[in-house]
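What follows is a single structure, written as structure tokens, with notes after it.
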Amino acid sequence: MSAIGLIPLILLLYVGDILLFSESPQRVSELRKLLHAEYKITDLGPIRQFLGLKIERDPPEPDSVRSPIVVYRQCSCDLWAIRM
């Protein structure tokens with residue numbers, strides 16, 4: 001097994017959504033290619049929101065790994081007036 005194969009890769013699956021996390025962009029890319037070869041998938045890019053949680057990223061810095069930051073805020077839902 002190559003050294004790249006030892007870097008952890010986390011796959012979260014919820015209904016029709018898949019999230020891939022790894023310190024190695026190469027690992028994520030390899031798994032994405034395997035999934036794309038087997039299933040019809042669409043890459044929506046970097047995560048911004050998942051299950052009501054806002055996901056932010058550290059600002060990019062040279063030679064550093066960007067960490068996700070989960071921000072939970074009480075959802076302020078739009079209120080719809082029902083007129084009778």
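The values are calculated or read from the model by the stated rules, or taken from the named source; none is laboratory data. Just so you know, these numbers come straight off a predicted model, no measurement behind them. Glycine gets a Cβ as well: all are built from the backbone with ideal geometry, and neighbour counts include every protein chain shown.
So the values come out like this:
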| read-out | value |
| --- | --- |
| Residue in region 47-59 that is assigned to a helix (DSSP H, G or I), out of contact with any helix residue (DSSP H, G or I) (no Cβ under 9 Å at 6 or more places or on another chain) and either at pLDDT 80 or above or among the small types (Gly, Ala, Ser) (or both) present | no |
| Tally, over region 3-46, of residues that are within 13 Å of the chain's Cα centre (by Cα), assigned to a loop (DSSP other than H, G, I, E, B) and either touching a residue at least 24 places away in the same chain (Cβ under 8 Å) or surrounded by 14 or more Cβ atoms within 10 Å (Cβ to Cβ) (or both) | 1 |
